[in-house]
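For reference, the structure is listed below as structure tokens.
What follows draws every value from the coordinates through simple rules; no lab data is involved. Just so we're clear, the structure is a prediction, and the values are computed from it rather than from any experiment. Note: ideal-geometry Cβ built from the backbone for every residue, glycine included; neighbour counts use all protein chains shown.
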Ligand SMILES: O=C(O)CCC(=O)C(=O)O
Ligand SMILES: [Fe+2]
């Protein structure tokens, strides 16, 4: 090779390097600009060195990238926090000292300091920030620890071996999972989710673990729930029903770390880290008083370091209770709760359940209810504003009239509760007393109907269908309706049954002294409790109801169905039934 050729080769390599470098610098700047613009983070960036840093890594933030980022960044000093968020190309880093941060900053930000990620090589870069990562809302992992101060909570790590973990998970996966909205489950022993179902025998492959638990805790568990959580799945805060199971409940985690939130009724909260193969025993206060939940997060932050969740299978071991619960926490105990058994009949007359726990209750709580229900829900409002001007709008079950506000000429409301109607009348709205099963309005006469949080107070499915039929009847052809009902799957509350009572805690200042029937005394001396009857809807149930409701050659077309504020919702249109 002659000299000229060598020189040209060197020149070419240098040129290539320079182009690569330019490309990288451009990409870094683009990444920075993107974050500044879209996440509005520019306020968090600063030139002055600090131990807290913003980490641009340009990878997909998955677990395999995380370990490379971590081992590289550890070489500059001790790391206090390192949060890499699944699916996001930036993260957060805190060093134990500013010196480490400076040394990382100076080396990492050098162009062409590429890290060999499994996906592809990446440049990472660091920016100083004044913000502590715990305070950043974007970080949605659960900050958790191994020992949380919840009395009666006990974690034991490595309760089973990795081989036993595989053995259990494989056997369970051979059986069939039942889907719930946000996770899948399998029940063994007594199936408390499906009433009146015979017990399912506990498969033999569980025997070794039942024996081990019996040896350790002295309890032979006879009910097992297997739950599958894909990252992002969750279980809402709940207490395992006191009346259904005895004191100690044990959760065994398979295949993935996760965390469980414990919340005291007065508000304090802790996140318990759950390593795979560990058992967590809930006894006494932890079992009876603190609600537990698994949040819908894709990662947890344990000792400052983000830990990606993978597919987790949890096994919950319980012992079915045969005697009344005598726990020391009567305020949260269901021992006195009657189980609602509702007879399905075609009779549309109100039952005493509806009279006492819907009509009467809403009359009693009307003014308190009205003070807490004044803001229209944005999606309902949007629907109403979407309608042609001067459309006639009927609000069935209008309550205090929060959707009747502007434009009273075109909006009319009905309700069963006279007290609610009095409130509407005082506000000058056009309302009248009516039952939603028999609306005294001509057929084909209203352009738009809404029925928000009403149908879930009807106790039988015949009544719920009749309510839908009434909406269909009064609407003009092509008229639209919007219906909201409480979702069983909501995260705000947990329901063991679809038919249930939900308490209303009424401040005594709202109690009418002349009335003879009073609510029950609450734990709070200033409050009384009134029960409201609800039938909480399963996902898809409202759509089935809409499909079933047909009259005189008309039916509903489902234009949209969605979840909003703990409710299942449908937007319907009255169309010709061609069948
Ligand atoms: O995921 C877990 O370990 C807890 C499940 C649970 O709370 C339950 O099934 O009641
Ligand atoms: Fe539970």
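Between residue 324 and residue 264, what FRET efficiency follows from the Cβ-Cβ distance if R0 is 25 Å, with the result rounded to 0.05? Taking R0 as 25 Å, the efficiency between residue 324 and residue 264 is 0.55.
Relative to the longest principal axis of the Cα atoms of the chain, helix 207-217 runs at roughly 90 degrees. Residues of segment 138-166 with amide nitrogen under 13 Å from the 7 Å Cα-to-Cβ point of residue 284? Within reach of a label on residue 284, which here means backbone N under 13 Å from a point 7 Å along Cα→Cβ, segment 138-166 contributes 150-154. With contacts taken as Cα pairs under 8 Å and at least 6 residues apart, segment 352-576 reaches a relative contact order of 20 percent.
Angle check, please: helix 162-174 long axis (alpha carbons) against the longest principal axis of the chain (alpha carbons), in degrees 0 to 90, nearest 10. Approximately 40 degrees, to the nearest ten. Counted over segment 142-332 with a bin width of 5 Å, the fraction of Cα pairs per bin, in whole percents, is 1, 8, 16, 21, 22, 18, 10, 3, 1, 0. Its residues counted as N, segment 81-220 yields a C-alpha radius of gyration over 2.2 N^0.38 Å of 1.64. Relative contact order of segment 246-339, taken over Cα pairs closer than 8 Å and 6 or more residues apart, is 37 percent.
Normalised by residue count, the chain yields a Cα convex hull volume of 250 Å³ per residue. Projected onto its three principal axes, the C-alpha set of segment 359-453 covers 36, 28, 22 Å, listed from the longest axis down.
Taking each DSSP H run with n ≥ 4 as -39500 (n - 2.57) and averaging over every residue of the chain yields -7500 deg cm²/dmol at 222 nm. For the chain, the share of DSSP beta bridges that are antiparallel, to the nearest 5, is 80%. Among 452-458, 331-337, 205-211, 423-429, the peptide with the highest mean count of other Cβ atoms within 10 Å heads the list, and the full ranking is 452-458, 423-429, 205-211, 331-337. With a Cα-only, solvent-free Debye model of segment 34-135, what are the log10 I(q)/I(0) values at q = 0.16, 0.22 Å⁻¹? These q points yield log10 I(q)/I(0) values of -0.63, -1.24.
If contacts are Cα pairs under 8 angstrom and at least 6 residues apart, what is the relative contact order of the chain in percent?
It rounds to 10 percent for the chain.
With the simple spin-label model, which puts each label point 7 Å out from Cα in the Cβ direction, the residue 110 to residue 11 separation comes to 2.8 nm. Of interest is the spacing of the C-alpha centroids, which for segment 356-435 and segment 240-292 amounts to 42 Å. Spin-label model, residue 88/residue 559: points 7 Å from Cα along the beta carbon direction are separated by 3.6 nm. Helix 3-38 versus the longest principal axis of the chain: what is the Cα-based angle in degrees, 0 to 90, to the nearest 10? With both axes taken from Cα atoms, the answer is about 30 degrees.
First obtain the Kirkwood hydrodynamic radius of segment 352-576 from its Cα pairs, then insert it into the Stokes-Einstein equation at 20 °C and 1.002 mPa s, and state the resulting D in µm² per second as a whole number. In µm²/s, the coefficient is 119.
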